[in-house]
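Quick notes on the structure that follows.
The values are calculated or read from the model by the stated rules, or taken from the named source; none is laboratory data. Values in this document were obtained by computation on a predicted structure and should not be read as measured data. Don't worry about glycine lacking a Cβ; one is built from the backbone with ideal geometry, like all the others, and counts go over all protein chains shown. Heavy atoms of the whole protein, side chains included, go into the accessibility calculation; ligands, DNA and RNA do not. Shrake-Rupley method; radii C 1.70, N 1.55, O 1.52, S 1.80 Å.
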Amino acid sequence: MTESKITIRLADWEKDKQILSAIRRRVFIEEQNVPEELEWDEYDVSAIHFLAFEEDRAIACARLKKNGRIGRMAVLATHRKKGTGKKLLHFILQKATALKLEQVHLHAQVAAVPFYEKQGFIAKGDPFYEANIPHQEMFAKLLYQDT
């Protein structure tokens, strides 16, 4: 069995809305029972979006808001624990570094905290609930060279 090739690219909300929405709908609304009205917000238009593909099939997505908050990171169930999330997150961190952000932050689902810790994120504060799911605020400092 050969290892599948995962590619990541920037996405455009207007052009890629159908693909991005389909992944988020499946992961958050259908699997995790996030209320639909909480999934879509005004930040979708202004955020930088990312899509991960296996060959030509979209398998994961995420977004980065202007304030450095990573969110809506969703990997289809068939591609979890296979390095897809790690590759996607590293791509996002490279983009954040290129934007000269000093740090990024996110609200990790508590079950995903060990994943983010392995990628250099540090938990801050106490867990809290978002969309009836326990979350943990996490931060990561970024290194960039000021030219």
> Amide H of MET73: which non-local residues (sequence gap of 5 or more, or other chain) have their own amide H closer than 5 Å, using H built in the peptide plane?
Replying inline: ARG63
> In debye, nearest 20: dipole of the chain around its Cα centre with unit charges on the Cβ of K, R (+) and D, E (-)?
Replying inline: 540 debye
> Which links in LYS5/LYS66; LYS5/LYS100; LYS15/LYS124; LYS87/LYS141; LYS66/LYS124; LYS17/LYS118 stretch past 26 Å when you go from one Cα to the other?
Replying inline: LYS5/LYS66; LYS5/LYS100; LYS15/LYS124; LYS17/LYS118
> Using a simple spin-label model with points 7 Å from Cα along the Cα→Cβ vector, what separation in nm is obtained for VAL45 and VAL110?
Replying inline: 3.6 nm
>> Give me, ordered by chain and number, the residues 5 or more places off ILE59 or on other chains with an amide H under 5 Å from its own placed amide H.
In response: ALA52, PHE53, GLU54
>> Just to be sure I understand: of the beta bridges DSSP finds with both ends in the chain, what percent are antiparallel, rounded to 5?
In response: 95 percent
> Which value at 222 nm does the chain reach when only helices count, each DSSP H run of 4 or more adding -39,500 (n - 2.57), with the total divided by all residues and rounded to the nearest 500 deg cm²/dmol?
Replying inline: -7500 deg cm²/dmol
>> Tell me the carbon and sulfur percent of the accessible area for the chain, rounded to whole percent, probe radius 1.4 Å.
In response: 51 percent
> Candidates (i) 37, 36, 35; (ii) 50, 37, 26; (iii) 45, 29, 28; which is the computed Cα extents along the principal axes in Å?
Replying inline: (i)
> So what are the ³J(HN,Hα) numbers for the stretch 80-86, from phi and the Karplus equation (6.51, -1.76, 1.60; θ = phi - 60°), rounded to whole Hz, Gly and Pro as x?
Replying inline: 7, 6, 10, x, 5, x, 4
> Which whole-Hz couplings ³J(HN,Hα) result when phi for each residue of the stretch 63-72 is put into the Karplus expression 6.51 cos²θ - 1.76 cosθ + 1.60, θ = phi - 60°, listed in order with x for Gly and Pro?
Replying inline: 9, 10, 7, 4, 7, x, 8, 8, x, 6
